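This report refers to the structure that appears directly beneath it.
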């Protein structure tokens, strides 16, 4: 496969063609994606480079080498498309790759990284397995949100996202650890930067959001409905160049607090930055760092900065010009782009800008690609906006990747638009919506605008994900019909069973939004709270950090109510310091989750896709003499567990076989049951007048061997 084939390919159109033609298109797209991902890592000069922590807020590259492969297996397992893992250790170690999640475990002491050879061998196994799935999986057109092949596309597009992540990390490695290869040739054009000027843009209505049967793959945040009326404004003809940004640096902009937001000034104090990250001070001038080289400063290339730097420049420019200079909002960016009537990838004959790897593996001059009266509306570098990302009206998470967007809906992650030179696949489409923390670096710059239209200030969002809000209410809301709080009651029963026993370490597996962890932390030295869903864990983490959550509940029809709950009001203040929350799969926990005196699994086992695997291995996490506490209503559904994996609720040899019998059969090798089973009730609120009343059976098991 030559360099042109690897670099110049586009995302798949999913709603027309024959099934077999589409199967082969997806197979080709998959293998090209996998190959170019591997070719990116060929720029590392030695295997040692895989283990360097070039970016302190991200894992070393060995993680990403494994992550893009393990993602396929984890998602295909979650979707129950495959039933057997390839390497459970790797698929746990490399599972969580969301750099933005502050609960993502970046403590290197918890990672015993495998060799590069081992990971490459694993990648080859994954490649063969996914190819087999593409061959064997039934395919019907159109491929949409609910199709099994959507999960295949999810893996491919996820791998393409990490081309950008890894290339930014490589760009921060010492030069001795990287090498320039022909596939990643940079632009050799540079000259005097053009003088920027503001051009008029006519306002109008912006309408965004996809339906659930789009022609192209999309991430969950692209779906729904959004309408906004944009007023007339002016926009920079060019992206801000290195030359234009130099004026801000030379004017002492990095030392003048008046131009920086409070967050930006804090970051500046921490980072000690004096110029953009990829400018290298050499004597009286600057060099410029590309992915694998240090070159003469290309003054007419776009400057690459984080949001905080871009915002400071705009404030400085506003002060100097007397105009209302700022970054565009997402709506303003779309208003400008759509007036130019640019074709979308994959429908263009040739990329209209420096994007999709169709030109170079670097930026290029800001006046190289004209689009109407403007330049670089798409491509070259990502463009920061004023808009913190949120979901459109009707937003819903995809069940096989519920933590793609929701961890970023915190008003702390701003959208970038337009794509960079290495943006491919979904990232190079009109509808893509990616957001990063404002202090993060990507291949990102900015275009400024002048507008009198106020920017809506983001407020703390009320949690409106129906399932998450329901659990917020169940864990932290008022008791219902005289039935007490379920996770609080479980913790009380655990304490009673533990009387006279050690209470050093506890694991709450399937902790949801965390109430049980806070209750257990009243008496335990350390509590580990783990849940498969990042949607739930982020609520627990928010409570741990801020002590408060906000959520909305349906009352009747479209009427909702708004709620605020504080740990202090529940007598739980101070307990968060003894809790570690993390996202994880109960079937495949990381090795550090061990040596517990108590493991609590409340209403978990009937939601596992292989509950027997969990129950026959959980003793490894528990001390001899420790207690395993299980609570479950045994609501077996094939949506969660295939029938052959149910513990009970079936007939064996023609006779009824209960879940309690199944528990005894699976646990008796390592556990003795303590006391009799007991019923614990709980209530889930659906609306003001509709509730679910459920009875969970609680059993307690002591590990004896």
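The values are calculated or read from the model by the stated rules, or taken from the named source; none is laboratory data. Worth saying up front: this structure is predicted, and the values here are computed from it rather than measured. Virtual Cβ from ideal backbone geometry, glycine too; neighbours counted across all protein chains shown.
Points to keep in mind about this one:
- Test: residue in the range 424-433 that is assigned to a loop (DSSP other than H, G, I, E, B) and modelled with pLDDT under 95: no
- Sole residue being in the same structural domain as residue 691 (by TED's automatic domain parsing), in contact (Cβ under 8 Å) with a residue 24 or more places away in the chain and touching a strand residue (DSSP E or B) at 6+ places or on another chain (Cβ under 6 Å), chosen from 504, 535, 515: 504
- No other residue among 356, 306 is in contact with a strand residue (DSSP E or B) (Cβ under 8 Å, 6 or more places away or on another chain), under 27 Å from residue 191 (Cα atoms) and at pLDDT 95 or above apart from 306.
- Among the conditions (1) in contact (Cβ under 8 Å) with a residue 60 or more places away in the chain; (2) crowded, with 24+ Cβ neighbours inside 10 Å, residue 475 misses just one, which is (1).
- Residue identified as touching a residue at least 12 places away in the same chain (Cβ under 8 Å), more than 14 Å from residue 445 (Cβ to Cβ), part of a loop (DSSP other than H, G, I, E, B) and in contact with a helix residue (DSSP H, G or I) (Cβ under 6 Å, 6 or more places away or on another chain) among 357, 342, 323: 357
- Residues in the range 237-274 that are in contact with a strand residue (DSSP E or B) (Cβ under 7 Å, 6 or more places away or on another chain) and over 14 Å from residue 301 (Cβ atoms): 237 alone.
- Subset of the range 203-219 that is at pLDDT 95 or above and out of contact with any helix residue (DSSP H, G or I) (no Cβ under 8 Å at 6 or more places or on another chain) - its residue that is nearest to residue 398 (Cα to Cα): 215
- Test result for residue 464, buried (at least 21 other Cβ atoms within 10 Å of the Cβ) and either modelled with pLDDT under 95 or in the same structural domain as residue 631 (by TED's automatic domain parsing) (or both): no
- Screening the range 596-611 for residues that are in contact with a helix residue (DSSP H, G or I) (Cβ under 6 Å, 6 or more places away or on another chain) and part of a helix (DSSP H, G or I) and picking the one that is surrounded by the most Cβ atoms within 10 Å (Cβ to Cβ) gives 611.
- Note on the range 372-385: residues that are closer than 16 Å to residue 332 by Cα and buried (at least 24 other Cβ atoms within 10 Å of the Cβ) total 7.
- Between 624, 618, the distinction of being within 21 Å of residue 705 (Cβ to Cβ), out of contact with any helix residue (DSSP H, G or I) (no Cβ under 7 Å at 6 or more places or on another chain) and assigned to a helix (DSSP H, G or I) belongs to 618 only.
- Residue within the range 388-397 that is under 22 Å from residue 325 (Cβ atoms) and not in a loop (DSSP other than H, G, I, E, B) present: yes
- Selection within the range 51-62 - modelled with pLDDT of 95 or more and surrounded by 21 or more Cβ atoms within 10 Å (Cβ to Cβ): 61, 62
- The residues of the range 169-202 that are under 29 Å from the mean Cα position of the chain (by Cα), surrounded by 15 or more Cβ atoms within 10 Å (Cβ to Cβ) and more than 25 Å from residue 126 (Cα to Cα), listed by number, are 171, 172, 173, 177, 178, 184.
- Test: residue in the range 621-630 that is out of contact with any strand residue (DSSP E or B) (no Cβ under 7 Å at 6 or more places or on another chain), surrounded by 16 or more Cβ atoms within 10 Å (Cβ to Cβ), within 27 Å of residue 89 (Cβ to Cβ) and assigned by TED's automatic domain parsing to the domain that holds residue 566: no
- A count restricted to the range 233-253 and to residues that are without any contact (Cβ under 8 Å) to a residue 40 or more places away in the chain and on the phi < 0 side of the Ramachandran plot stands at 3.
- Filter result for residue 674 (exposed (fewer than 14 other Cβ atoms within 10 Å of the Cβ) and under 30 Å from residue 592 (Cα atoms)): yes
Listed here are the residues, each with its yes/no results for (1) in contact with a strand residue (DSSP E or B) (Cβ under 7 Å, 6 or more places away or on another chain); (2) in the same structural domain as residue 244 (by TED's automatic domain parsing); (3) within 19 Å of residue 416 (Cα to Cα); (4) without any contact (Cβ under 8 Å) to a residue 12 or more places away in the chain.
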site: 361; (1), (2), (3), (4): no, yes, no, no
site: 379; (1), (2), (3), (4): no, yes, yes, no
site: 382; (1), (2), (3), (4): yes, yes, yes, no
site: 389; (1), (2), (3), (4): yes, yes, yes, no
site: 394; (1), (2), (3), (4): yes, yes, no, no
site: 397; (1), (2), (3), (4): no, yes, no, no
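- Checklist (1) touching a strand residue (DSSP E or B) at 6+ places or on another chain (Cβ under 7 Å); (2) on the phi > 0 side of the Ramachandran plot; (3) buried (at least 22 other Cβ atoms within 10 Å of the Cβ) applied to residue 415, failing item: (2)
- In the range 549-565, the residues that are within 10 Å of residue 688 (Cα to Cα) and in contact with a helix residue (DSSP H, G or I) (Cβ under 7 Å, 6 or more places away or on another chain): 553
- Criterion: within 27 Å of the chain's Cα centre (by Cα), under 20 Å from residue 682 (Cβ atoms) and outside any strand (DSSP E or B) - qualifying residue of 640, 634, 593: 640
- Failed condition for residue 468, given (1) more than 20 Å from residue 545 (Cα to Cα); (2) out of contact with any strand residue (DSSP E or B) (no Cβ under 6 Å at 6 or more places or on another chain); (3) outside any loop (DSSP other than H, G, I, E, B): (1)
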